[in-house]
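The values are calculated or read from the model by the stated rules, or taken from the named source; none is laboratory data. These figures come from a predicted structure and were not determined experimentally. Here the Cβ positions follow ideal geometry from the backbone for every residue, glycine too, while neighbour counts run over all protein chains shown. Just the protein is used for accessible areas: all its heavy atoms, side chains included, with ligands, DNA and RNA removed. Shrake-Rupley method; radii C 1.70, N 1.55, O 1.52, S 1.80 Å.
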Amino acid sequence: MTVYVESNFVLELALEQEECDSCNAIVELANRGLVVLAVPAFSLAEPHVAIAGKEKARNQLRRDLDAHVRDLARSRPHRTVPTDFAAFAAVLAASAQFERDGVRDSISGLLQSAEVIALDATTLRLALDIQAEFAMSGQDAIVLASALAHLDFSVRREAAS
């Protein structure tokens, strides 16, 4: 049995989110040879973009809050605000490194246990058709096209055996 996974699977593992235990169980099944794990190459790249966007948004939030905190600290009743904010700012900074490390480690692990579905021109053309026909996002269409191309290849390979 082939289990197809995509970017959200990678992010669940990387960020240790709610479903990470289930994702780890699937990876373990693949490691034991009980399932074939297949992941589009695009789904291994997309998490980098997602965490970079989150990091950028958090940095902007930190800068905006910092400006407000400095303003509040000028007032006697709010002079302790900078101390409270410093701890929060440290969490924001640490979370970015945690997420970068998590994505790197998760992708590294998947490269050892999963079959990576290559992204080529044929798959991209199929993705354009899927996107137009089903009004999907470009990213989702690429992932679906990758899985369909892999499934088609797997069926043809099996029939030839």
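Cα centroids of the range 106-156 and the range 74-93: how far apart, whole angstrom? So the separation of the two Cα centres works out to 46 Å.
Sorting Thr80, Thr2, Thr123 by accessible area puts them as Thr80, Thr2, Thr123; the probe is 1.4 Å, largest comes first, and only protein heavy atoms count. Entry note, the chain: the mean residue ellipticity at 222 nm calculated from DSSP H runs of n ≥ 4, each adding -39500 (n - 2.57), is -26500 deg cm²/dmol after division by the residues and rounding to the nearest 500. For the chain, the longest principal axis of the Cα atoms and the long axis of helix 20-31 meet at an angle of about 30 degrees. Here the label points at Leu151 and Ser22, each 7 Å from Cα along the C-beta direction, are separated by 1.9 nm in the simple model. Helix 41-73 axis versus longest C-alpha principal axis of the chain: approximately 10°, rounded to the nearest ten.
Our summary gives the chain a relative contact order of 29 percent, counting only alpha carbon pairs under 8 angstrom and 6 or more residues apart. Tell me the accessible surface of Asp21 in square angstrom (1.4 angstrom probe, heavy atoms of protein chains only), to the nearest ten. Solvent-accessible area, nearest 10 Å²: 120 Å². Between Met136 and Asn31, the distance separating the two model label sites (each 7 Å from Cα on the Cα→Cβ line) works out to 3.0 nm.
Using the Cβ-Cβ distance between Leu92 and Val3 with R0 set to 35 Å, the FRET efficiency works out to roughly 0.50. Positive end of the dipole of the chain (Cβ unit charges, origin at the Cα centre): among Leu61, Val155, Ala141, the Cα lying farthest that way belongs to Leu61.
Relative to the globular-protein estimate of 2.2 N^0.38 Å, the Cα radius of gyration of the chain stands at 1.40. Relative to the longest principal axis of the Cα atoms of the chain, the long axis of helix 138-160 lies at roughly 30 degrees. In this calculation the C-beta distance from Ala121 to Ser161 is compared with R0 = 25 Å, giving a FRET efficiency of 0.40.
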